[in-house]
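The values are calculated or read from the model by the stated rules, or taken from the named source; none is laboratory data. Being a predicted model, the structure only gives us computed values, none of them experimental. Cβ coordinates were reconstructed from backbone atoms using ideal geometry, including for glycine residues, and neighbour counts include every protein chain displayed. Areas reflect the complete protein model, heavy atoms only, side chains present, ligands, DNA and RNA absent. Shrake-Rupley method; radii C 1.70, N 1.55, O 1.52, S 1.80 Å.
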Amino acid sequence: MYDIIIVGGGHAGSEAALATARMNKNTLLITGDINYIASMPCNPSIGGPAKGIVVREIDALGGEMGINADETQIQMRLLNHSKGPAVRALRSQSDKKLYPERMKNIILSQKNLTVVEAYVKSLVVDNNRIHGVQTQDGKIYASKAVILTTGTFLNSKVMIGSNKTSQGPENQKPSLGLSPQLERLGFTLSRLKTGTPPRVKRETVDFGKTQIQPGDSVHRYFSYYNKNNYDIDAQHPCYLTYTTEETHRIINNNLDKSSMYSGVVEGVGPRYCPSIEDKLVRFNDKPRHQIFLEPESQFTEDIYIQGFSTSMPHEVQEAMVASIPGLEQAQITKYAYAIEYDAIDARMLWPTLESKIVESLYFAGQINGTSGYEEAAGQGLLAGINAALKTDKKQPLILHRDEAYIGVLIDDLVTKGTIDPYRLLTSRAEHRLLLRDDNADTRLMEKGHAIGLISKERYRKYTDFHKQMHDLKMRFKNIELSPTPKVTDVLKTLNSTSLKDRVTFYDLIRRPEIKAIYAKHFDSTLDFPNEIFERVEIDIKYEGYINKARKHAEKLRQQEKITIPEDLNYEDVPNLANEAREKLKLIKPLTLGQANRISGVNPSDVSILSIYLKSNKNQNRVIR
Ligand SMILES: Cc1cc2nc3c(=O)[nH]c(=O)nc-3n(C[C@H](O)[C@H](O)[C@H](O)COP(=O)(O)OP(=O)(O)OC[C@H]3O[C@@H](n4cnc5c(N)ncnc54)[C@H](O)[C@@H]3O)c2cc1C
């Protein structure tokens, strides 16, 4: 008997399995192919806008993705560096061979974690409670909880042109048997779709016709306090090119051959990661589209054509590729394809990702309707943590929308659901100034430490780091500057204007042209790591905006404190609009704040509910 079984060793399953095993749960990971653990069937990169911040949040909570990305990257870049801190995000070009390899080794050497290579065909459920799983070879594995993370495999079909084959990604077997059982249990399934571009042979690309995109010239890390001092000069560049009029002519002339536009595809594709066909149809006024040529691995010849996913027949793909500057002679090493698969309606889950229908059955990753390695990993980590906490009868870990992008992601899924593959964007986070790339440790590391996923050693580094930040702020407050000729001269060299009155350096930083590191001009004894200066600079420069954002978040938090009994009978709440009553009965919001975010529940319904709750205050409250 295991404490927890995880089905699927993808990005969600890896984080879930490591979290439960590291929280001392006797864990079993059952996955279809051990050599496919944490595989990257799509873009060989981790991070980017919003996603990069999720990776840092995973790291701050004690997950593995951040460290794994740092240890297996072939290029690191901080995107939007020149813009405000709320939109900066790290992105690594990952080595597609090394990333899954390292994650597999971490998993295979993890204490409390057993790995079995098999396909799960059904769940063992009795009296609306999970008791384990059965694999295709008939074996039954018993457990107190199960986490399903089957990704893009559930009843999956691969499509190229008019061909449609029952197959998983990367020539893997599809996952059959679970979908019909989930429907019998009462889960609503939807059909989603995603796609991947062709790969070409590196030596057949004329990079001279493209724009080089090198890595950053300073060290960048996802993981807090883990520095491996990688060789900056050894980073592999990416390259920028564009589609041409000829590319658009070929695609438009063959649109009826694409699986997408010939009716072969049933699944709904990602709005924010469309195929090239979709881009031409939806943005037909655009003369060209950006294409990034990304190295997949230092050990293979493959170049990934980012932004060019398609489901056209092979011969059309060849013509499309040859029409792109730099790829005229390129040899395709892997053809593009689209894949459709089943996903559940995540509104049938609690914010812990436990299902409302079958107790102790959790869902995480692409099966919940998301798209992306990072979104999957964030869910896997929280599902793992909550399954472990539940087996210990401890309070769940629910991250609020003003605490983490992972909190925004999960709340959107379980409160609003999704009709197309959900991808995290900064625009989805109303508190994005609080949810920055730099401060995920401040927001989450205490929580990671409290649940036992952050080691003493890392926690000590965290407290040291923040003590240094505090000390530097105090030092800045003690550097008093007067409008003397000496100070004026220094400010001139820093392209800043002279002082009118006496100020502290803490105040001076608020000037846009003044960097924290400039304090050394006024106090040469300052000896702190660069990262401390950078973090303190953000805190001080944006202090006003951050405090305002925090006040706003606190106001919205008030509604999160008004809890709603899970078993409230909405038929008893008078004057609710029909649509609102229907949605409230389906989603069973745990707080008034969550009720307020349900589409179709209007402010008038929320006030009716609020009054009803006040007048029925003595109803007891169940914590899942
Ligand atoms: C072709 C393709 C293109 C993609 N394009 C994009 C994109 O453009 N942008 C983007 O953000 N994301 C894209 N993705 C999605 C990205 O790969 C996923 O978001 C991510 O891998 C999801 O992680 P996951 O852990 O949920 O599932 P997966 O990574 O799919 O892992 C699922 C795991 O479960 C195992 N498994 C499945 N069923 C069973 C079973 N019954 N029993 C045992 N083990 C099982 C599998 O072997 C696998 O290891 C694409 C994926 C594919 C396949």
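Which one of these is of a type in the set (Val, Ile, Thr), open to solvent by less than 10 Å² (accessible area, probe 1.4 Å) and either away from the ligand (no atom under 13 Å from the Cβ) or without any contact (Cβ under 8 Å) to a residue 40 or more places away in the chain (or both): 53, 30?
Values: 30 fails: either away from the ligand (no atom under 13 Å from the Cβ) or without any contact (Cβ under 8 Å) to a residue 40 or more places away in the chain (or both).
Just one listed residue meets the conditions, 53.
Quick one: is residue 424 open to solvent by 10 Å² or more (accessible area, probe 1.4 Å), under 19 Å from residue 90 (Cβ atoms) and not in a helix (DSSP H, G or I)? It would help to see each step written out before you state the result.
Working: open to solvent by 10 Å² or more (accessible area, probe 1.4 Å): no; under 19 Å from residue 90 (Cβ atoms): yes; not in a helix (DSSP H, G or I): yes.
So residue 424 does not fit the description; no.
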**Prompt:** Got a number for residues in the stretch 511-530 being over 35 Å from the mean Cα position of the chain (by Cα), open to solvent by 60 Å² or more (accessible area, probe 1.4 Å) and among the charged types (D, E, K, R)?
**Reply:** 2
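For the stretch 506-602, list the helices (runs of 4 or more DSSP H) that sit wholly inside it and hold at least 2 residues that are of a type in the set (D, E, K, R); which are they? I'd like the intermediate steps shown before the answer.
On the way: elements: 530-541, 543-561, 578-587, 592-596.
Fully inside the stretch 506-602 and qualifying: 530-541, 543-561, 578-587.
Could you identify the single residue in 600, 544 that is free of Cβ contacts under 8 Å to residues at least 60 places away in the same chain and under 22 Å from residue 403 (Cβ atoms)? Let's see the steps before the verdict.
Details: 600 fails: under 22 Å from residue 403 (Cβ atoms).
After applying the criteria, what remains is 544.
Can you find a residue in the stretch 178-200 that is away from the ligand (no atom under 16 Å from the Cβ), under 22 Å from residue 307 (Cα atoms) and modelled with pLDDT of 95 or more?
Of all residues in the stretch 178-200, those away from the ligand (no atom under 16 Å from the Cβ) come to 184, 186, 188, 200.
Going one step further and asking which of them are under 22 Å from residue 307 (Cα atoms), we end up with 200.
So of that shortlist, the ones also modelled with pLDDT of 95 or more come out as 200.
So far as the stretch 178-200 goes, yes, one or more of its residues are away from the ligand (no atom under 16 Å from the Cβ), under 22 Å from residue 307 (Cα atoms) and modelled with pLDDT of 95 or more.
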**Message:** Tell me yes or no: at least one residue of the stretch 391-399 is open to solvent by less than 40 Å² (accessible area, probe 1.4 Å), out of contact with any Lys or Arg (no Cβ under 6 Å at 6 or more places or on another chain) and not in a loop (DSSP other than H, G, I, E, B).
**Reply:** no
**Request:** Please determine, by comparing only the residues of the stretch 563-596 that are buried (at least 18 other Cβ atoms within 10 Å of the Cβ) and in contact (Cβ under 8 Å) with a residue 40 or more places away in the chain, which one is farthest from residue 403 (Cα to Cα).
**Result:** 568
**Request:** Collect the residues in the stretch 531-548 that are open to solvent by less than 90 Å² (accessible area, probe 1.4 Å) and among the charged types (D, E, K, R), keeping them in residue-number order.
**Result:** 531, 535, 537, 539, 541, 543
**Message:** Please go through (1) within 11 Å of the ligand (Cβ to nearest atom); (2) closer than 25 Å to residue 349 by Cα; (3) open to solvent by less than 30 Å² (accessible area, probe 1.4 Å) for residue 134 and return the number of the only condition it doesn't satisfy.
**Reply:** (3)
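Hey, does the stretch 41-48 have a residue that's assigned to a helix (DSSP H, G or I), in contact with a helix residue (DSSP H, G or I) (Cβ under 6 Å, 6 or more places away or on another chain) and either at negative phi or surrounded by 24 or more Cβ atoms within 10 Å (Cβ to Cβ) (or both)?
Initial filter on the stretch 41-48 (assigned to a helix (DSSP H, G or I)): none.
Taking every residue of the stretch 41-48 in turn, none turns out to be assigned to a helix (DSSP H, G or I), in contact with a helix residue (DSSP H, G or I) (Cβ under 6 Å, 6 or more places away or on another chain) and either at negative phi or surrounded by 24 or more Cβ atoms within 10 Å (Cβ to Cβ) (or both).
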**Message:** Is it the case, given these coordinates, that residue 475 is more than 30 Å from residue 384 (Cα to Cα), open to solvent by less than 30 Å² (accessible area, probe 1.4 Å), assigned to a helix (DSSP H, G or I) and not aromatic (Phe, Trp, Tyr)?
**Reply:** no
**Asked** For the stretch 210-237, what are the residues that are touching a Phe, Trp or Tyr at 6+ places or on another chain (Cβ under 7 Å) and outside any loop (DSSP other than H, G, I, E, B)?
**Response** 211, 212, 213
**Fill in**
Condition set within 16 Å of the ligand (Cβ to nearest atom) and of a type in the set (S, T, N, Q), scope the stretch 100-131, selection most open to solvent (accessible area, probe 1.4 Å): answer is 105
**Matching entry among 225, 272, 239, 304 (being in contact with a Leu (Cβ under 6 Å, 6 or more places away or on another chain) and within 28 Å of residue 74 (Cα to Cα))** = 239
**Prompt:** So which residues in the stretch 210-242 are of a type in the set (A, V, I, L, M, F, W, C) and either open to solvent by 50 Å² or more (accessible area, probe 1.4 Å) or over 24 Å from the mean Cα position of the chain (by Cα) (or both), if there are any at all?
**Reply:** 212, 218, 232, 234, 240
**Asked** Going by the conditions given, is residue 261 assigned to a loop (DSSP other than H, G, I, E, B), over 28 Å from residue 428 (Cα atoms) and either open to solvent by 10 Å² or more (accessible area, probe 1.4 Å) or of a type in the set (A, V, I, L, M, F, W, C) (or both)?
**Response** yes
**Item:** Enumerated strands (runs of 3 or more DSSP E) restricted to the stretch 141-209, each holding at least 3 residues that are small (Gly, Ala, Ser) and either open to solvent by 10 Å² or more (accessible area, probe 1.4 Å) or in contact with a strand residue (DSSP E or B) (Cβ under 7 Å, 6 or more places away or on another chain) (or both)
**Value:** none
